[in-house]
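Please treat every number below as a calculation from the coordinates, not as lab data. The model shown is predicted, which means the values in this text are computed figures rather than measured ones. Cβ placement follows ideal geometry from the backbone for every residue including glycine, while neighbour counts extend to all protein chains displayed.
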């Protein structure tokens with residue numbers, strides 16, 4: 001009516017401003033009215049959601065240059081980018097509604113909460129032995145466990161199709177957590193020292209392998225467990241850790257290499273790479289041309305393709321999800337993960353199973369049900385994260401329950417950058433199964449003696465306790 005004609009860049013800018021406005025209102029609401037803390041699940045989700053949504057659209061607004069991991073399909077996706085950002089902003093109220101709903105609280109009350117056990121060292125020993133045996137089988141073709149680790153970043157190629165063996169790597173970390181568990185219950189410095197030594201070995205292996213996402217997952221889990229089970233951590237300290245992790249993981253992405261001859265070669269190659277001039281110029285590359293610009297491309301791609309090149313799946317990808325519980329060695333004709341399917345469909349064949357584009361979590365919703373799938377995915381995540389938050393509140397300081405909580409919340413960034421299989425199969429397989437096994441061992445088969453608290457009896461206990469607290473508050 002006013003004769004204004006907006007370009008695609010104008011629409012993109014408006015959508016970015018709208019997203020930032022909705023995000024700011026959301027953060028204000030959860031902090032002001034819901035008293036959310038910096039390390040609560042909702043705040044961690046919002047932080048990583050911004051990290052995965054904003055970098056590609058902001059880059060596309062500033063420059064159309066294709067560099068690094070920025071998709072070569074960017075010119076075709078530009079008309080859909082503003083609507084992808086807009087839809088991502090509209091999903092935030094659905095997330096919040098689910099998070100603070102009665103349903104999320106009801107789910108939390110029905111989840112089992114383990115009692116404190118006294119055999120944490122036994123849990124550490126058993127899980128460590130199991131993980132080492134799995135890794136030795138995985139490393140057989142490489143010549144041994146040390147030779148496998150020395151493959152460095154190139155080791156990922158030998159892991160695909162052998163996920164049931166590769167879980168030995170995250171399980172080693174889970175094992176070390178039971179030394180931390182022991183420190184939580186005894187508060188003896190020797191337990192903290194043993195945990196620090198075990199964790200240092202795990203991190204060293206992950207650094208040699210160049211597994212940045214695993215290093216971040218380890219750091220977040222330890223931070224969350226300390227914050228909830230040991231002592232609350234100040235916001236300033238959290239910000240400091242976040243800055244160190246961000247720059248450190250960017251440097252690791254530049255320095256990581258493969259096919260080391262021995263441990264001394266790891267140090268030599270790393271030192272030589274560090275002295276190269278491009279290292280200092282890549283401290284922000286994950287936000288401009290790296291990891292954080294990749295997953296979001298799949299949402300505008302689905303918006304362009306679903307209904308034209310691709311028929312809507314109407315929930316089929318979710319129905320296929322349980323098949324990924326079956327190891328590929330047992331079920332070789334198992335459907336491709338969406339990340340690999342995406343590569344075949346939009347980038348052509350010839351790629352290995354270890355080569356893929358991370359499939360953004362709401363993109364799967366769009367693939368199935370269009371815009372309603374995106375909003376439904378956000379609502380589901382709201383229910384899920386709200387239940388996790390209530391679970392922490394109901395845990396009453398039990399270290400086993402808080403370990404499960406920390407492992408789950410630390411997985412948020414991997415769930416955002418992946419499809420439903422990442423969250424509903426990857427999280428239980430890689431983390432929660434080992435943690436549950438360890439908790440069971442700490443009680444020497446305590447499932448038979450009530451290691452899992454009955455939610456109804458806990459609820460009966462909570463009501464008079466809450467009434468007592470209210471009475472004392474009034475006094």
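Based on the Cβ-Cβ distance of residue 62 and residue 334, what FRET efficiency does E = 1/(1 + (r/R0)^6) give at R0 = 30 Å, to the nearest 0.05?
On the way: r = 41 Å, r/R0 = 1.36.
Step by step, r from the Cβ atoms, then E = 0.15.
Going by average Cβ density within 10 Å per residue, which order do the peptides 130-139, 61-70, 427-436 take, highest to lowest? Spell out each step's value before the answer.
Working: 130-139: 17.6, 61-70: 13.9, 427-436: 20.3.
Packing proxy ranking, top to bottom: 427-436, 130-139, 61-70.
Please report, in Å, the Rg and the Dmax of the chain, where both are computed over Cα atoms only.
Expressed in Å, the Cα Rg and Dmax of the chain come to 23.1, 75.
Can you tell me the Rg and the Dmax, both Å, for the Cα atoms in the range 282-344?
Gyration radius and largest Cα-Cα distance of the range 282-344: 15.4, 42 Å.
Roughly speaking, what is the stretch gain from residue 345 to residue 110, that is 0.36 nm per residue apart minus the C-alpha to C-alpha distance, in nm to one decimal?
Working: separation 235, 0.36 × 235 = 84.60 nm, distance 4.12 nm.
Net length gain for the segment: 80.5 nm.
Please work out the FRET efficiency for the pair residue 122 and residue 267, using the Cβ-Cβ distance as r and a Förster radius of 41 Å; give the result to the nearest 0.05. Mind dumping the intermediate values first?
Numbers: r = 36 Å, r/R0 = 0.87.
FRET efficiency, residue 122 to residue 267: 0.70.
Given a cut-off of under 8 Å on Cα pairs at least six residues apart, what relative contact order in percent is computed for the chain? Walk me through the numbers on the way to the answer.
Details: 609 pairs, mean separation 135.2, N = 475.
Across the chain, relative contact order equals 28 percent.
List the extent of the Cα atoms of the range 53-166 along each of their three principal axes, largest first, rounded to whole Å.
Largest to smallest, the principal-axis extents are 55, 47, 21 Å.
Under a point spin-label approximation (7 Å from Cα along Cα-to-Cβ), what is the residue 50-residue 309 distance to one decimal in nm?
About 3.3 nm separates the two model spin labels.
Roughly what would the spin-label model give for residue 34 and residue 190, points 7 Å off Cα along C-beta, in nm?
My value for the distance between the label points is 4.5 nm.
Could you calculate the contour length gain from residue 372 to residue 21, that is, 0.36 nm times the residue separation minus the distance between their Cα atoms, to one decimal place in nm? Don't skip to the answer; put the middle values down first.
Details: separation 351, 0.36 × 351 = 126.36 nm, distance 2.18 nm.
Separation in residues times 0.36 nm, less the Cα-Cα distance, equals 124.2 nm.
So for the range 76-233, averaging the separation of alpha carbon pairs under 8 Å that are six or more residues apart and normalising by length, what relative contact order in percent results? Display every interim value, and only then the final one.
Details: 103 pairs, mean separation 33.9, N = 158.
Relative CO of the range 76-233 lands at 21 percent.
Could you order peptides 334-345, 25-36, 7-18, 42-53 by the average number of other Cβ atoms within 10 Å of their residues, highest first?
Details: 334-345: 18.1, 25-36: 13.7, 7-18: 15.9, 42-53: 19.7.
Descending packing order for the listed peptides: 42-53, 334-345, 7-18, 25-36.
Starting with the highest mean, order 189-199, 307-317 by the number of other Cβ atoms within 10 Å, averaged over the residues of each peptide.
Values: 189-199: 15.4, 307-317: 12.7.
Descending mean neighbour count gives 189-199, 307-317.
Sequence gap at least 6, Cα distance under 8 Å: using those rules, report the relative contact order of the range 129-199 to the nearest whole percent.
Values: 49 pairs, mean separation 21.3, N = 71.
The normalised contact order for the range 129-199 reaches 30 percent.
Using only DSSP helix segments of four residues or longer, with each worth -39500 (n - 2.57), what per-residue ellipticity at 222 nm results for the chain after dividing by its residue count and rounding to 500? The partial results should precede the final answer.
Details: 25 runs with 303 residues, N = 475.
It comes out at -20000 deg cm²/dmol, rounded to the nearest 500.
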